[in-house]
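The values are calculated or read from the model by the stated rules, or taken from the named source; none is laboratory data. Model, not experiment: these values are computed from the prediction. FYI the Cβ positions are ideal-geometry reconstructions off the backbone, even for glycines, and counts take in every protein chain you see. Each accessible area value is taken on the protein alone, full model and side chains, heavy atoms only, with ligands, DNA and RNA left out. Shrake-Rupley method; radii C 1.70, N 1.55, O 1.52, S 1.80 Å.
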Amino acid sequence: MRDVSIGGDMIRLGQFLKLADLIDTGGEGKILIASGDVAVNGEVDTRRGRQLHPGDVVEVQGRSARVAV
């Protein structure tokens, strides 16, 4: 797992997936989130607009990244 700095105190799940290079395109993120293939802190989340804060861990397709400041 790697830490990805967001430069603030909050970021949306869809944006973070792209920033962390866990996906290639926003469209891919939308599909993966909607199909239940993305987990936040170990729980599946289907909300693309889910707010993430420092310390949250996002997992998708066997890769993970932690939100950092």
From Cα pairs below 8 angstrom and at least 6 apart in sequence, can you work out the relative contact order of the chain, rounded to a whole percent? 42 percent
Before I look further, what does the chain give for accessible area per residue, probe 1.4 Å, in whole square angstrom? 57 Å²
When the chain is fully extended, how far beyond the present Cα-Cα distance does residue 68 get from residue 4, taking 0.36 nm per residue of separation? 22.5 nm
Please state the charge dipole magnitude for the chain, taken about the Cα centre, from unit charges on C-beta atoms (+1 on K and R, -1 on D and E), reported in debye and rounded to the nearest 20. 160 debye
Given labels modelled 7 Å from the Cα in the Cβ direction, how far is it in nm from residue 12 to residue 41? 2.1 nm
Could you check what % of the DSSP bridge pairs in the chain are antiparallel, to the nearest 5? 75 percent
Measure of size requested: the Rg and Dmax of the chain, with Cα atoms as the atom set and Å as the unit; please supply both. 10.4, 29
Residue-wise, which Karplus ³J(HN,Hα) couplings in Hz belong to the range 38-46, taking 6.51 cos²θ - 1.76 cosθ + 1.60, θ = phi - 60°, and x for glycine or proline? 10, 10, 10, 6, x, 10, 4, 9, 9
